[in-house]
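Chemist: Sharing a structure, written as structure tokens. Questions coming.
Every number here is computed from the coordinates shown, using simple stated rules; none is lab data. Quick caveat, the model's predicted, so the values are computed rather than measured. No Cβ is skipped: glycine too gets one built from the backbone with ideal geometry, and neighbour counts run over all protein chains shown.
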Amino acid sequence: MLHRRHPLPALLRLFSTTCRRRSRLPSQPHPPNTDTLPPLPVAKKVPFTVSAHGRSWSDPYHWMRDTSDPDLAALLAAENAYAEAFVSSAGGGGLRARLAAEMRARLPPSAVSPPQPWGPWSYYQYVPNGMEYPVLSRKLRPSGGLAGRFLSYLSDWEKEEVLLDWNEIAEKFGYVHIGSCRISPDHRFLAYTLDTSGGELFSLEVKDLQSKHVIFSPPDKGIVSLAWAHDSENLFYTVCDETLRPNQVFCKKMQSNEAGLLVFVEDDVNCCVDITSTKDFKYITVNSNTRTSSEVYVMESGNVREGLWPVQKRTNKVQYFLEHHNGFFYILTNAPLKDTETAVEGYYLARCRAEKSLMDKWQVVALPGSDCTFQDMDIFHEHLVLFLQKDGLPLFCSIDLPVQIDFQEPKELGDFTPWFFPIPSNLCSILPGPNNDFMSSTFRLVVSSPVIPDLTVDYDMRKKTFTILDQEEVTGLCSSLYTVGQSNVSSIQQNLQLIEDSQSWSDLSKLVSCERVQVVSHDGVSIPLVILYSRGAHIHGESPGILYGYGAYGEDLDKSWCSDRLSLLARGWVLAFADVRGGGDPSWHLAGTKTNKINSIQDFAACGMHLIKEGFVHESRLCAMGCSAGGLLVGAVVNMLPNLFSAAVLKVPFLDICNTMLDPTLPLTILDYEEFGDPNIPVEFDAIRSYSPYDNLSPGKCYPSILVTASFNDTRVGVWEAAKWVSKVRDVTCPSCSKSVVLKTNMQSGHFGEGGRFMRCEETAFEYAFLMKALGMDDKSAK
């Protein structure tokens, strides 16, 4: 467990006039020159005392919690001006613009997704030429046979029908974020949730696709999930309370002028409510979840008046999720196995009859086996799709339905002759597509890796074949990466298994190395680390690099394709992704939660030291990047080892965790007790306090250059967390080094930023330019 660091002796601080970070060896890069910048913003201090468990401490920046305070607005404006001046001088003044131009040049002017068939329609999204956001559209599918195609031609079946244009909303409000988006089963209505401020207080709109008019928009804010009943007449939706916890379910009848009817309320403040319809639309499911347990209620979609009935009562640390198929509920659960000596880690597949009197009689269908875990599932008329992890890497497979169960002991997945979907690399990120059509035998995935631009692939589960439909276009590649290599599927036959066609895709693996290694952490546990670098531009022992981390909520660190990274790879940078404990599958997640959070922090530090020790990165050119809970991770390591990183970017970071977790009125706080610990419990409070980035700054220490970004309308991580942390760094750490700790706040957006594809280029270019300036590196563009 980390302990708070002791301050430097007072006498030493009094007579120390030089900054140790500036006293580097001649061969090492120098920190940025801040002499020409505007005056460093200084925040006011207001006395305030925090107390917990018999302890008290001062928090003079607590006043920033009041976002209506004009002094906060003035401080953020001054910080933005300082950050802009800091980055604008990078690379002779034009580095940021050059980076942004490179990134924009790699984006095609327009883009379109392959159509997704569903019923009589084909649905697709496209980004119009030069626009920021997508448009959701559809076309009628041609009827079968010559006569059908002729009739379709006469009826103008190729005419595009625009359903929702993100760009129009953004132009009207200045910001757009579409949360849930659901087409009704009869394809007549489109229901979607809309945020126009960044605060994630989503409103609901229902559009009649025949009249093109919005026919329902309740006054409620904070609407999260949506589900249509089978008749397309009833729409269910959840509404949040004041802490942004979804806790109520309403039902709105489309042909009625009456307001939505309240059908469910969850009073337990530890639980969030999510609502879905089963894939065949025969049932509505209300899922009341904590981060570690669940309780599900079901309702017959065609008989709403019958109301909800429970599947099984909540049990501590037991989760379950269900789908419906042919009179059975198929259930993914981690409930303890009964009447068997078999042990299973994580989830397994069970089922029960879809009848009230038989809901508690579960029968085990399939266990994952000793070398993999179940993560999720999807269901179709003839197939069940399982989302798996094996050695921390994603896999997908299908088994045929219906399943015949006539055995006494549970069987393993392999006994059902699963078809594992071929993928081009074991380092791929895999995301399922919409897959709305229950009757389809095709499952769509988006597959990518750090060296493979996004592939859209259809897997025919009946024929056990696959088709590559599309790949993200990457234009304007710099000459140092030459051209995007074409890898024929048959050239890596071992990974793709069933190869029938000479399909191919763009693959940079001959030019960019992408390897997965294991790094031993403080307690002997091996941590997966993916390392990416240009084979031609990387210089062993000299290159700069960025270590990315997250490690929370069981979420995998995103390692999918991102063309922006090419700007760094072409300049010799190393990009590394640390899958620290706290993310990943259930056991890996639990090993980085509550009092085990120190494992995440130590894991990240171990991965950073590995990059230096093995010569991937120069010891004075290692940077770190973390977003949200990943900012907490990086901030804690910076306190623990201030000299490990020479620069860092903390994006909407969770830095003031101790004070936030002590305030149950803030959004998400109580829900986060299961993730970070309950500060009302002394041992868990001590753990949080021991690594809290805001509470463990080292007085007088030299800190690296750090860019901290925040969003004023962020409801997940308050803007004050970043502002307080930066102000305190300036106050207590080395006054010379802290000039390179800057704060940039987006005053219009929320936790997820602006969202537009070109605007993201500008944000990323700002971050990259900051890191290059922080390392004192001249821009070395691709030749």
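Chemist: Can you tell me the order of 87-95, 740-748 when each peptide is scored by its average per-residue count of other Cβ atoms within 10 angstrom, highest first?
Modeler: Values: 87-95: 17.8, 740-748: 21.6.
In descending order of packing, they fall as 740-748, 87-95.
Chemist: Using alpha-carbon pairs under 8 Å, 6+ residues apart, how would you state the relative contact order of the stretch 184-307 in percent?
Modeler: Values: 281 pairs, mean separation 20.2, N = 124.
After rounding, I find 16 percent.
Chemist: Now for a different question. Residue separation times 0.36 nm, minus the C-alpha to C-alpha distance between N436 and Y553: what's the value? Kindly include the intermediate steps, with their values, before the conclusion.
Modeler: Values: separation 117, 0.36 × 117 = 42.12 nm, distance 2.70 nm.
Contour length minus the Cα-Cα distance gives 39.4 nm.
Chemist: Over the stretch 51-104, what number does the Rg to Rh ratio reach, with both radii from the alpha-carbon atoms and Rh per Kirkwood? Numbers along the way, then the final one.
Modeler: Values: Rg = 18.8 Å, Rh = 14.6 Å.
Here the Rg-to-Rh quotient is 1.29.
Chemist: Summing -39500 (n - 2.57) over the DSSP H runs of n ≥ 4 in the chain and dividing by its residue number, what mean residue ellipticity at 222 nm do you reach, to the nearest 500 deg cm²/dmol? Please report the intermediate quantities before stating the final value.
Modeler: Details: 15 runs with 148 residues, N = 783.
Value at 222 nm, helices only: -5500 deg cm²/dmol.
Chemist: Using Cα centres only, tell me the gap between the stretch 659-707 and the stretch 545-598 in whole Å.
Modeler: 20 Å
Chemist: Any idea what the relative contact order of the chain is, in percent, if you count C-alpha pairs under 8 Å spaced at least 6 apart?
Modeler: Details: 1750 pairs, mean separation 93.1, N = 783.
Normalised by residue count, the contact order of the chain is 12 percent.
Chemist: So what are the ³J(HN,Hα) numbers for the stretch 455-468, from phi and the Karplus equation (6.51, -1.76, 1.60; θ = phi - 60°), rounded to whole Hz, Gly and Pro as x?
Modeler: These are the phi-based 3J(HN,Hα) values: 9, 9, 10, 9, 10, 7, 6, 7, 8, 6, 10, 9, 9, 7 Hz.
Chemist: Relative to the compact-globule scaling 2.2 N^0.38 Å, provide the ratio for the alpha-carbon radius of gyration of the stretch 319-472. Don't jump to the answer; show the numbers that get you there.
Modeler: Numbers: Rg = 16.0 Å, N = 154, 2.2 N^0.38 = 14.9 Å.
Against the compact-globule rule of thumb, the ratio is 1.08.
Chemist: A further question on this structure: Taking the mean number of other Cβ atoms within 10 Å as a proxy for protection, how do you rank 455-466, 431-442 from highest to lowest?
Modeler: On the way: 455-466: 18.6, 431-442: 15.8.
Result, highest mean first: 455-466, 431-442.
Chemist: Follow-up question, since we're still on this one. Using the 10 angstrom Cβ neighbour count as an exposure proxy, how do V296, V403 rank, fewest first? Before the final figure, lay out the partial values.
Modeler: On the way: V296 23, V403 17.
Ordered by Cβ neighbours within 10 Å, fewest first: V403, V296.
Chemist: Using Cα-Cα distances under 8 Å and only pairs 6 or more residues apart, what relative contact order does the stretch 319-472 have, in percent?
Modeler: Working: 305 pairs, mean separation 21.2, N = 154.
Over the stretch 319-472, the number comes to 14 percent.
Chemist: Counting other Cβ atoms within 10 Å of each Cβ, which trypsin sites (Lys or Arg not before Pro) in the stretch 519-583 have at most 14 and sit in a DSSP loop? Working shown, then result.
Modeler: Values: sites: R535, K559, R565, R571, R581; in loops: R535, K559, R571.
Listed in order of number, the matching sites are R535.
Chemist: Distance from the Cα centre of the stretch 162-216 to that of the stretch 310-327, in angstrom?
Modeler: A separation of 31 Å, based on Cα centres.
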